[in-house]
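Report on the following structure.
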Amino acid sequence: MNQGLVVERLFDALTAGDRALSREIVREAEASLGSPAEVIERIAWPVHEMIDKMHRADQLSRLAHQFATRLLRALVDQLGGRIARKPSNGKRVFTVCGPSDGEDLGAQMAVDILDAEGYTVLFAGGGIPADEVLEQVHRTRPDVLLIFSSAASDLPGVRMILDSLREINGSPNTKIAVGGGVFNRAPGLHEELNIDLYAETPRAVVEQLIAGPRIARVVEQKAPVRRRKAA
């Protein structure tokens, strides 16, 4: 299977709103790749990134963008429902994302892959106030707080969450993981924020969680960090 060609075909079908052709392409990809998870990772995620990139560059009409986002969401829902789940690994992940439909869709793909790998995932979606995210972390003490497919507008809230967790050491065993969205568009942002784990794709999230943190957590900020303006 030519992955690039399949991605292009699906992109064209989605942006045209062609539901029948989109479903056929996904069925063919699943038969070739062997599992719904592989289709999400190798086809749906690259298409999602292409849609997002072209939308941000004003190269897609609003109509085409909404055709594509809503139809891809339906396809990912169907694929996610067919993924074979591994036994629970006892790890809990609390996930939030950016406020748009596209950002929510990107995070859902990460959640589906984590769920398939045996993680217990709570997915709140976007638009959750920072204080509510903090309250949830303090109350439930998840193994991982995953902030995936965030928007630039989310960064003040993300900084507040990070600063609060470090200042009060409220859930010291909770790792902070980020990926997708603004963190993919602003290289080095995760290092600037001293994040535990960073992953560009849903599969990379799982790989990073298995590998463990590569950046040490800092409980106290000893000096102010210059804040970048993210895209």
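The table below lists the values:
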| read-out | value |
| --- | --- |
| Any chance Val121 is under 18 Å from Gln208 (Cβ atoms), part of a strand (DSSP E or B) and of a type in the set (A, V, I, L, M, F, W, C) | yes |
| Check on Val47, closer than 10 Å to Leu79 by Cβ, in contact (Cβ under 8 Å) with a residue 12 or more places away in the chain and part of a helix (DSSP H, G or I) | no |
| Segment 90-103 - residue that is modelled with pLDDT of 95 or more and not β-branched (Val, Ile, Thr) and, of those, surrounded by the fewest Cβ atoms within 10 Å (Cβ to Cβ) | Gly90 |
| Filter pass, Ile40 being closer than 22 Å to Ala151 by Cα, surrounded by 21 or more Cβ atoms within 10 Å (Cβ to Cβ), modelled with pLDDT of 95 or more and not assigned by TED's automatic domain parsing to the domain that holds Ala151 | yes |
| Asp112, sole failed condition from (1) in a strand (DSSP E or B); (2) under 17 Å from Glu207 (Cβ atoms) | (1) |
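One line per residue, one yes/no per condition, for (1) among the polar types (S, T, N, Q); (2) more than 30 Å from Ser153 (Cβ to Cβ); (3) not in a helix (DSSP H, G or I):
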residue	(1), (2), (3)
Asp12	no, yes, no
Arg23	no, yes, no
Ser32	yes, yes, no
Phe67	no, no, no
Asp77	no, no, no
Gly81	no, yes, no
Gly102	no, no, no
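The values are calculated or read from the model by the stated rules, or taken from the named source; none is laboratory data. These numbers were taken from a predicted model, which means no experiment stands behind them. No Cβ is skipped: glycine too gets one built from the backbone with ideal geometry, and neighbour counts run over all protein chains shown.
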